[in-house]
Amino acid sequence: MEYNESSIFSYLQDNLSADEKRDFELQLQRSPELRKKFDEIARIYTLSENLIRQREVNTQAAWDQLYRRIKRSKTMQSIWNFTRTAAAILLPLFLIYQYFLLPEINRNKIQQTITITSAPGTVTKTVLPDGSEVWLNAQSTLTYPVHFTQKTRTVKLNGEAYFKVTSDKEHRFEVMTPHQIIVSAYGTEFNVNAYTSANRYEVTLAKGHVEVSSDVSKSQETLISGEKAIIEAVSGNMQVASADTYAETAWKDGKMVFRREKFETITEKLSRKFGVNIQMEDEKLREYIFTATFTDESLEEILYLLTRSTPISYTISNPQQLNDSTYTKRTIKITTK
Amino acid sequence: MKEDLRYDRLFSKAALLDSEEAFKELFFEFFPTLCVYASNIVGDNETARDIVQEVFFNIWKNRKKIELESSFRNFIVTAVRNQCTDILRKRTVIDRFATRSPSTVETSEQSPEEIYTINELEQIIGKAIQKLPPNIREAFEMNRFKGMTYNEIAQQMSLSPKTIEAYISKALSILRVELKDYLPLFFLIF
């Protein structure tokens, strides 16, 4: 059978019967002339097919969709631009606030401090802004800021205090004492004995560990619990010794515990606790060693007990009125029998 | 017949003057042909449509940065082809993991110059068909563009099917000559 253009076209449009189709394909393989003609007509078919398919594309709908997308991205773009501009303006302002104004504000804040003083014969307990507890022994002064805003929590102590420090790994707790002794910790319990009048200071550790350093001697020691550091006030020389924590910290519970203490030390503590002057007539008395525990005894009772165990006697002189209408402390004179 | 100069100008207008009108014109020229082209590669119209839309969107977004090396046609066809190849590559990877049967990727070998926009094609084919005698043209258009069989056309035109077959043969012989310039470039997959 001879195949003309129209039957080739029918084949391409799939309008031939199965038999005709099979026969056509067979011819196509055998006849190169038919093949050539077929190729050309197939191309006309493809070209027009392409146009038909293009006409079926819904360009308008696609454009509407694309246009919405472009508008949306434009809006996003302008929001982004606005944000960027805003950030460019706000960021420097923020940095100025963070690094210039805020430290300045904090510096001003730290100047607002609280100072508490324990009167003779009393133990004062206070809670610091960070929740740390402090027992302040008689005739001691503690100064601390209203808010802890600095990198370290710094307090100033003159006298004796027992600290129960709330743990805060980010902020060191530092106690500054006269003669530039610094006790620092993160969260422990310790006793600091640093009366300006004394010629040596003591830091006794109850729990955890603390660092004790002296700016005068540039020395530094780390204490573990049950140890104490003894620092020469003037030279700053430091010594670590084992401590009797109970005896050292008994004062905060209202007790006076003396274990092989010199009489000198005892009278010092007594005078502080009872707010009296104690004078010793005989220098030798200072070196006497006592061991005793007092809880709620009065001064007279204590003195009486001392006279029972030692060859001493005492006299109490009553307060004298001074010219400026104030009174002196009671004075106790101790003499050897 | 080709309007590359016009398209390149439209693109410059869109890019430099931010003319949405010019961009829209380009879209209406190229969207149909690129959809057909992409569909030939990826095999379905939906994916093809998404690909071409994405390409247009990116062109608008990056219009300030685009530098046409040869022509807009060349640029956009290449962009669509690359996008299609990407999709196919991803599919191949997924297929390989899903069925372990590597599917072969065949990209159309049409060069960008052979991609005619819808208006170009209308003109090319329209002009060639104008050369056909009226009766023959009518029969050919009914067959090709309305999808009617020879018998249906014969009935409509009150002629014998044999006559219609002869008409179609005649039409095709003329078109072979008229479309000579465009034919060898077309690629056919059978």
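Only the Cβ atoms of Lys and Arg (+1) and of Asp and Glu (-1) were treated as charged; on that basis the dipole of chain A about its Cα centre amounts to roughly 740 debye.
The loop-placed trypsin sites (Lys or Arg not before Pro) in region A:182-222, going by DSSP, that have at most 10 neighbouring Cβ atoms within 10 Å of their Cβ come out as A:218. For the pair residue A:222 and residue A:124, the difference between a 0.36 nm per residue extended length and the Cα-Cα distance amounts to 32.5 nm.
A Förster distance of 41 Å, applied to the separation of the beta-carbon atoms of residue A:104 and residue A:179, puts the FRET efficiency at 0.85. Projected label points at residue A:60 and residue A:31, each 7 Å from Cα along the beta carbon direction, are separated by 4.7 nanometres. Measuring between alpha carbons in the structure, the pairs from A:156/A:262; A:164/A:228; B:24/B:64; A:21/B:170; B:24/B:90 lying more than 20 angstrom apart are A:156/A:262; A:21/B:170; B:24/B:90. Buried surface between chains A and B: roughly 4200 Å² of accessible area, summed over both sides, computed with a 1.4 Å probe on protein heavy atoms only.
Taken about its Cα centre, region A:255-336 carries a charge dipole of about 220 debye when Lys and Arg each add +1 at the Cβ and Asp and Glu each add -1 at the Cβ. In chain B, Cα pairs under 8 Å separated by at least six residues give a relative contact order of 20 percent. Averaging over all projection directions, the Cα-based convex hull of the protein assembly as shown occupies 47.7 nm² in the image plane. Here the simple spin-label model places points 7 Å from the Cα toward Cβ, and for residue B:141 and residue A:18 these points are separated by 3.8 nm.
If you plug the beta carbon distance of residue B:94 and residue A:69 into 1/(1 + (r/R0)^6) with R0 = 25 Å, you get a FRET efficiency near 0.40. Whole-Hz Karplus values for region B:74-88 come out as 4, 4, 6, 5, 4, 4, 5, 4, 4, 4, 5, 4, 4, 4, 5 Hz, taken residue by residue from phi with 6.51 cos²θ - 1.76 cosθ + 1.60 and θ = phi - 60°; glycine and proline positions read x. Given a 1.4 Å probe and every protein chain left where it sits, what share in percent of the accessible area of region A:113-245 is carbon and sulfur? Using a 1.4 Å probe with all protein chains present, region A:113-245 comes out at 48 percent carbon and sulfur.
With protein chains left intact and a 1.4 Å probe, residues in the protein assembly as shown average 55 Å² of accessible area per residue. Treating r as the C-beta distance of residue A:170 and residue B:70 and R0 as 51 Å, the FRET efficiency rounds to 0.20. The longest part of chain A holding none of the exposed loop GluC sites (Glu not before Pro), meaning those outside H, G, I, E and B in DSSP with at most 16 other Cβ atoms within 10 Å, is A:3-169. Taken over region A:5-56, the convex hull of the Cα atoms encloses 68 Å³ per residue. Comparing B:94, B:59, B:177 along the charge dipole axis of chain B, the residue lying farthest to the positive side is B:94, per the Cβ-charge model. Stretching the chain fully between residue A:79 and residue A:156 yields a gain of 22.4 nm (0.36 nm per residue, less the alpha carbon separation).
The values are calculated or read from the model by the stated rules, or taken from the named source; none is laboratory data. Because the structure is predicted, anything quoted here is derived from the model rather than measured. Don't worry about glycine lacking a Cβ; one is built from the backbone with ideal geometry, like all the others, and counts go over all protein chains shown. Surface accessibility is based on the protein's heavy atoms, side chains included, excluding ligands, DNA and RNA. Shrake-Rupley method; radii C 1.70, N 1.55, O 1.52, S 1.80 Å.
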